[in-house]
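Engineer: Quick one: the structure is below, and I'll ask about it shortly.
The values are calculated or read from the model by the stated rules, or taken from the named source; none is laboratory data. Every value quoted in this text rests on a predicted model; they were computed, and no experiment measured them. Neighbour counts run over all protein chains shown; Cβ positions are idealised from the backbone, glycine included. Just so you know, the surface numbers come from the protein's heavy atoms only, side chains and all, with ligands and any DNA or RNA stripped out. Shrake-Rupley method; radii C 1.70, N 1.55, O 1.52, S 1.80 Å.
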Amino acid sequence: MSETFYITTPIYYVNDAPHIGHSYTTIAADVLARYHRLQGRDVFFLTGTDENASKVAAAAAERGVEPQQHCDEFCAHFRSLWQELNISNDDFIRTTEPRHTRRVQSIVQQLLDRDQIYLGKYEGWYDPGQEEFVTELAAREHDYTSAISGRPLVRYAEPSYFFKLTAWTDRLLGHIQAHPEFIQPTSRRNEVVSKVTAGVEDLCISRSSLDWGVVMPNDPGHRVYVWIDALSNYLTALGLPEIGDEHDGESAKYWPADVHLIGKDILWFHTVYWPCMLMALQVELPRTVFAHGWWTSEGKKMSKSLGNFISREVIAEICRDYSRDVFRYFLLREVPFGQDGDFSRQALKTRYNTELANDLGNLLSRSLKMIGLYFDAAVPSPQARALEGEPAKFLAEPVERIAAETPALMAGCRFSEYLRVVLELAAATNRCIDATGPFRLAKDPAQRERLGTILYGCAEAVRIVLSCLEPFMPEKAAAGLAQLGLSGRDAEPLRERVKWGRLVPGTAVAASGPLFPRRQ
Ligand code: MSP
């Protein structure tokens, strides 16, 4: 049986339509899912929508439609954007589905049975945008406005059920200490540790003033707090816990999750509430929670009124203009994953022209052109299939780095560096062509073997580069490989495919126009 790999995105609120921020997490998760599938792992990639939030009900009310109808419409926006971006999720969970709501009730019931929940009264601040309870201290710090949106906090007082979060925080700190990979990047781990160490309070997990959301199993007058409901999706989508329906345990083998990918704004929920809940339920903890940074646009915080909002429509336009693969590539190449970054048209164009059009696209075109002219469009035979001789001088090091470094870079979600290491092979191959001058060698019949070795090296290097790019740019990689005469799917794991010498001499190449036409 192959090793499993379970990757999740946050489930997105359906109060509004998706934008670049949602796409970012989902594309990153898709890259990881595709990468691990290419390595031969049994991957489960989950995304979905968070529908039971009070802000979702408020958005529906504002539009004058029923909450469920609103959810259906906005959920469809997310689903279709993921199709447009070629997202390969294995499941899509909606928190209004019975397979989820029934399991949330079962989870809450288990916590009740384990004496982890008590009835109290919540009196304090709430950030409706974040669906988050805010302590007096934190509220005061931001002048009683949301630290995220800047909008005013609301105050309410009502009877509520509480989860005994404080009973678990010492164990949580122990786990974080013992598992440095649990919260990434390290700066985020430090942030969580200091905040937990400063002290937490028990967590309010129900609202009695709402009529939208999962009903508390023990008290129909209360709805389950949306974050308890939402975080549970990572288990419920697997058919866990078992409740006696047709979904029971259907994908249970994937737990614990290998990576929960999230944005930095929802770190606390995923690294404190969620693991403490799981510990209270005696369920194994996810291996890693990785929090990425936020995008600004053209140097400013994205806003509809500023006109710099990268909405679904703008994404579609960029994809039409450059292709969806280029959009995917840009997001993960431009900014080291974990840091904040800025989206700008100029940056997109520059990166496209330098790395994709000049380095990679041009390398493919010139290699194919020369193989066409000098070897009748069939990959020439090198002096040796091993990486030796002239190409080795230029290519041995970058080829070796790809094999040695890319697995760890992917494991650490260091996408930008992965791409840099991979593209370094394309740059080195261009240098090899410039230095050896195959077009001059072609004029001298005595140099034929040398020429064949160099051009074999070019084609083989492009094959390795394109293979490594597959998770990021599945269509461009396939199109490029097809030009190299490799149109069927190579079933070997990627770690085998990056080895030198797999390209078979004699393979018929078929140039068919530039993969990344240069932009003016
Ligand atoms: N519903 C919750 C998540 C529940 S998971 C159990 C939620 N949804 S959300 O729709 O508001 O946001 C989802 C993700 O989008 C977050 O990871 C957030 O960081 C990300 N982004 C929202 N705006 C963003 C940017 N401008 N840039 C990058 N990511 C951003 O939170």
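Engineer: In the range 237-292, what residues are among the small types (G, A, S) and part of a helix (DSSP H, G or I)?
Structural biologist: Taking the range 237-292 and keeping what is among the small types (G, A, S), we get 237, 239, 244, 249, 251-252, 257, 263, 280, 291.
Of everything in the range 237-292, those that are among the small types (G, A, S) and part of a helix (DSSP H, G or I) turn out to be A252, A280.
Engineer: A further question on this structure: Looking only at residues in the range 221-261 that are away from the ligand (no atom under 12 Å from the Cβ) and among the small types (G, A, S), which one is surrounded by the fewest Cβ atoms within 10 Å (Cβ to Cβ)?
Structural biologist: G244
Engineer: So, in the range 292-311, exactly how many residues are more than 10 Å from the ligand (Cβ to nearest atom) and in contact with an Asp or Glu (Cβ under 8 Å, 6 or more places away or on another chain)?
Structural biologist: Total satisfying the criteria: 3.
Engineer: A further question on this structure: Identify the residue in the range 1-48 that is more than 16 Å from the ligand (Cβ to nearest atom) and in a loop (DSSP other than H, G, I, E, B) and, among all such residues, is most open to solvent (accessible area, probe 1.4 Å).
Structural biologist: M1
Engineer: Out of everything in the range 375-402 that is assigned to a helix (DSSP H, G or I) and basic (K, R), what residue ends up being farthest from Y456 (Cα to Cα)?
Structural biologist: R401
Engineer: Which one of these is within 16 Å of the ligand (Cβ to nearest atom), modelled with pLDDT of 95 or more, of a type in the set (A, V, I, L, M) and touching a Ser or Thr at 6+ places or on another chain (Cβ under 8 Å): V314, V289, V283?
Structural biologist: Result: V289 is the single residue among V314, V289, V283 that is within 16 Å of the ligand (Cβ to nearest atom), modelled with pLDDT of 95 or more, of a type in the set (A, V, I, L, M) and touching a Ser or Thr at 6+ places or on another chain (Cβ under 8 Å).
Engineer: Among the residues of the range 127-138, are any open to solvent by less than 50 Å² (accessible area, probe 1.4 Å) and farther than 29 Å from C71 by Cα?
Structural biologist: yes
Engineer: How do the helices (runs of 4 or more DSSP H) wholly within the range 309-372 filter down when requiring 3 or more residues that are free of Cβ contacts under 8 Å to residues at least 12 places away in the same chain and not small (G, A, S): which remain?
Structural biologist: The qualifying helices (runs of 4 or more DSSP H) are 312-322.
Engineer: Given the criteria away from the ligand (no atom under 13 Å from the Cβ), open to solvent by 30 Å² or more (accessible area, probe 1.4 Å), among the polar types (S, T, N, Q) and more than 19 Å from the chain's Cα centre (by Cα), does S209 qualify?
Structural biologist: Taking the combined requirement at face value, the residue satisfies it.
Engineer: Among the residues of the range 285-301, which ones are touching a residue at least 24 places away in the same chain (Cβ under 8 Å), farther than 30 Å from S232 by Cβ and open to solvent by 20 Å² or more (accessible area, probe 1.4 Å)?
Structural biologist: Correct list: T296, E298, G299.
Engineer: A further question on this structure: Yes or no: K264 within 13 Å of the ligand (Cβ to nearest atom), modelled with pLDDT of 95 or more and surrounded by fewer than 18 Cβ atoms within 10 Å (Cβ to Cβ)? Lay out the reasoning, then the answer.
Structural biologist: On the way: within 13 Å of the ligand (Cβ to nearest atom): yes; modelled with pLDDT of 95 or more: yes; surrounded by fewer than 18 Cβ atoms within 10 Å (Cβ to Cβ): yes.
So K264 fits the description; yes.
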